[in-house]
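Encoded as structure tokens, the structure appears first; notes follow it.
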Amino acid sequence: DNNTININNNHMQGVYIETYLRIKPFLVTNQSVNVVSTKKFSDNNDLLNIKLQTVKLSEDVSKDVIEVDIPEDADPGIIHSNYYNDDNSNTIRYEFDRIFDENTTQDEIFSNIVESKVYNAIVNGINSTVFCYGQTGSGKTYSMCGGDNNYNDRGIIPRSIGYIFTYFNNKLKLSNDKDKESVSLSSDITSLTNNNYNNSYRITITFLEIYKEIIYDLLPSAIIDQSNALKKPNLPIVQLLESNDENTPNKIGGQITMRNVNVYEVNSEEEALSLFFYGITNRNTSITSMNNLSSRSHAIFTIIIENEGLVDNLTTYTKGKINLVDLAGSERMYKLNNSKRQIIEAKSINLSLHYLEQVIINLRNNIANKPTNSSPNHIPYRNSVLTTLLRDSLGGNCRSCFLFTVSKEAKHFEETLSTCRFAQRCSEIKLSIKSNSEISTADQIKILNNQIKILSNEIKHLHDLNNQLTNQLNDFT
């Protein structure tokens, strides 16, 4: 299973960035959106001709494939020949780990993409990052944060919070119940509880946004004052600090730390969701010609899970971090009829996404050039606040994936093409993953003492054998 990692003894494994595609349903209400376009794709309400299929690459590996017919009026200069379908030059073809059509539910997105990563963060202390990437109005924020209509519209972030506390609450019930089999749990949670029993845990969260290359804390300390809960506060600016240590793993510079950020310890699902919804109200959004509720910033919701328990009768500490990133949508200026402020915001968003793509391209080129022993390319993490803050997610100890969102409308063909092309580049990035877990000092001493005892016995045995052979040699002479 591509979504499950088994790591023993903190050994590192290499996996590729996972890429998933979600196709936004075509809504009749989109006809009312005022789109200014200098290019004509037959009609604004025409849909792209899309074909989805699954291709088996080997006995254990399969990929989902999307084939898109090129509109007659599309500019041929924007289409890269590498992605043409071999059997039809009028069709372009892209591969993903999984493609979700317009009928996919929020629960399917979470269970197929995110659930295993949250589970591994709890069990093995494996860092994970989930990016939502796509053009504005394609459903990124809906996928990550959820909708307002009903409970089933919950997005990745609230479902992750719910999964974590359900896991620990079920474990608590199990520890208080003499008959363990009387508690109904999922197979994953049951197997974990049997291995890691009577443990303690600590969960902390932060919620940041990057708006015009400035990091803001979406959870200011003013939240403690309930009288100000309905007022949008002046958000504190977060500073990034970098150590001078260049001898860090993967040679990506010193350690990044943040100053002036609030870290909240949460003890219940309700408490965590309250902080999340409060942060959402503080985020920069506005009505644009492409989206009635457009996110004008990148949002990063981080959950850190510290877990202590017994594994094979050894006290083990794990610490896993989950970054859930809702990237602001890319926008093409010639399709917009926005205000001056929104245009400035769009330029900042597009430039930030451009630097993200440059990091991905250079990481991919370094992997491609590795067999030739060529000098590695410089990775421009520092060009953007986004790539500086999340560089471990792109080239460090983190299992990362991208959920790409696209529209079926023909008028958005260029954006769909650009998103799919970027996804192919991401899928070629190989990451090194290491479990953030360690055995307690007391148990390490026990293990070392036991090894000393074993080695002492081996030495005694060899010493006795040496004396025996010496005596035999003396008798022979």
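Rule-based calculations on the coordinates, nothing more; no lab input. None of the values given here were measured: they were computed from a predicted structure. Positions of Cβ are backbone-derived with ideal geometry, glycine not excepted, and every protein chain shown enters the neighbour counts.
Below is a table of values for the structure above.
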quantity: Diffusion constant of the range 417-477 at 37 °C, which comes from Stokes-Einstein with the Kirkwood Cα-pair radius and 0.692 mPa s, µm²/s; calculated: 187 µm²/s
quantity: Around Ile215: net Lys/Arg minus Asp/Glu count, Cβ-Cβ under 11 Å; calculated: -1
quantity: Over 27 Å (Cα to Cα) - which of Lys321/Lys408; Lys56/Lys319; Lys340/Lys411; Lys319/Lys453; Lys24/Lys63; Lys321/Lys411 fall in this group; calculated: Lys321/Lys408; Lys56/Lys319; Lys319/Lys453; Lys321/Lys411
